[in-house]
Amino acid sequence: MSGRGKFITFEGGEGSGKSTHAAALAEALKARGLDVVLTREPGGSPGAEIIRHIILSGIAKPLGTETETILFAAARDDHVKATILPALQAGRWVVCDRFVDSTRVYQGTLGKVDMKLIRALERVTVGEAMPDLTILLDVPANIGLARAKTRRGSGVADRFEAESVEFHEELRQAFLNIAAREPKRFAVIDGRAPRDVVSERIWQAVQERLLDVPQPAEAVTP
Ligand code: Z5A
């Protein structure tokens with residue numbers, strides 16, 4: 001029995017490099033011989049991917065931020081039950097692009113949804129599946145939005161990318177505030193640096209927090 005795997009999430013604003021670095025970290029962990037599941041939110045399981053499409057298309061926006069919050073929670077519930085917990089329980093490592101902090105920031109701080117509702121949904125959907133480490137990629141909003149726009153090309157901006165620079169700067173600050181309150185779970189990394197430098201800093205954080213940590217001694221039977 002290999003014991004429970006580790007759960008690492010990536011958070012940050014639009015274009016901060018989460019998808020790029022979540023994929024790079026998953027590869028680096030695999031190269032070290034670990035069994036890794038790379039996933040994302042909203043989505044990450046067949047049911048949650050359907051809900052992702054509904055939310056990001058913007059068709060649920062007229063229903064209000066509370067309904068959107070409940071949709072994110074429904075997607076998370078399926079994702080945790082169908083993908084994350086089974087993997088962790090099988091000893092696999094899970095690397096997830098966005099998770100619970102995105103709800104706290106987008107729906108809570110910016111959407112002004114009551115934090116009591118957000119916490120209650122968190123308890124029901126996340127339960128024991130809180131991340132062991134959350135990497136916050138911090139970039140100024142104008143840089144992140146410019147990157148996202150370049151990547152999108154002539155495609156249409158999604159529901160959140162279409163919001164103002166001020167919205168995205170407020171969002172950045174909200175992530176930093178959560179990270180300051182939970183320093184044991186978070187590693188904040190400057191996402192403006194070149195890709196290989198960011199990757200190296202992420203790897204250092206994973207090593208220090210999860211890989212080099214001495215494991216509890218085996219119980220000795222007399
Ligand atoms: N959302 C929510 O409201 N509530 C929730 O609970 C959850 C999510 C879970 C998901 O959108 C949306 O859902 C999200 C929040 C909301 N909306 N917003 N904003 P998504 O999954 O479609 O997109 P995203 O999560 O915002 O990520 P993104 O825009 O795809 O960006 P990213 O993953 O952080 O960045 P990237 O794709 O890795 O990189 C962007 C570009 O920059 C790309 O061309 C890279 O090659 C480039 N890049 C990456 N790193 C660097 C460096 N270091 N230097 C230069 N260029 C770089």
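The values are calculated or read from the model by the stated rules, or taken from the named source; none is laboratory data. Since the structure is predicted, the reported quantities are computational estimates derived from the model, not experimental observations. Note: ideal-geometry Cβ built from the backbone for every residue, glycine included; neighbour counts use all protein chains shown. Only protein heavy atoms, including side chains, enter the accessible area calculation; ligands, DNA and RNA are left aside. Shrake-Rupley method; radii C 1.70, N 1.55, O 1.52, S 1.80 Å.
Across the stretch 161-176, computed HN-Hα scalar couplings (Karplus, 6.51 cos²θ - 1.76 cosθ + 1.60, θ = phi - 60°) run 4, 6, 6, 6, 4, 4, 4, 6, 6, 5, 4, 4, 5, 5, 5, 4 Hz from first to last residue, x flagging Gly and Pro. Using only alpha carbons, the stretch 1-107 has a radius of gyration to Kirkwood radius ratio (Rg to Rh) of 1.00. Shown are V94, V124, V197, whose ranking by accessible area with a 1.4 Å probe and every protein chain present, most to least, is V124, V197, V94.
Which order do peptides 62-69, 7-14 fall in by mean Cβ count within 10 Å, highest first? If you can, show how the numbers build up before the last one.
Working: 62-69: 14.5, 7-14: 26.2.
Per-residue mean Cβ counts within 10 Å order the peptides as 7-14, 62-69.
For K112, a cut-off of 25 angstrom between C-alpha atoms picks up these lysines, skipping any fewer than 8 places away in its own chain: K18, K61. Work through the residues other than N142 whose Cβ is under 14 Å from its Cβ and net out their charges, Lys, Arg +1 and Asp, Glu -1. Residues near N142 contribute -3 overall. With Rh defined as the Kirkwood radius, the inverse of the mean 1/r over Cα pairs, the Rg/Rh of the stretch 128-192 is 1.04.
Amide H to amide H, with H built 1.01 Å from N, R40 comes under 5 Å of D97, counting only residues 5 or more places away or on other chains.
Net charge near G12, counting Lys/Arg +1 and Asp/Glu -1 over other residues with Cβ under 12 Å of its Cβ?
Working: positive: K18, R98, R147, R172, R192; negative: E11, E14, D97, D101, D138, D190.
Combined, the nearby Lys, Arg, Asp and Glu give -1.
Across the stretch 7-19, rounded Karplus estimates of 3J(HN,Hα) from the backbone phi angles (6.51 cos²θ - 1.76 cosθ + 1.60, θ = phi - 60°) give 10, 10, 10, 10, 10, x, x, 4, x, 7, x, 4, 4 Hz, Gly and Pro being marked x.
With the contact rule set at Cα under 8 Å and sequence spacing of 6 or more, what percent relative contact order holds for the chain? Write out the running numbers ahead of the final one.
On the way: 326 pairs, mean separation 66.9, N = 222.
30 percent.
Cα convex hull of the chain: mean projected area in nm², to one decimal?
Numbers: hull surface 53.5 nm².
Seen from a random direction, the Cα hull of the chain projects 13.4 nm² on average.
Summing Cβ point charges (Lys, Arg +1; Asp, Glu -1) relative to the Cα centre of the chain gives a dipole of roughly 140 debye.
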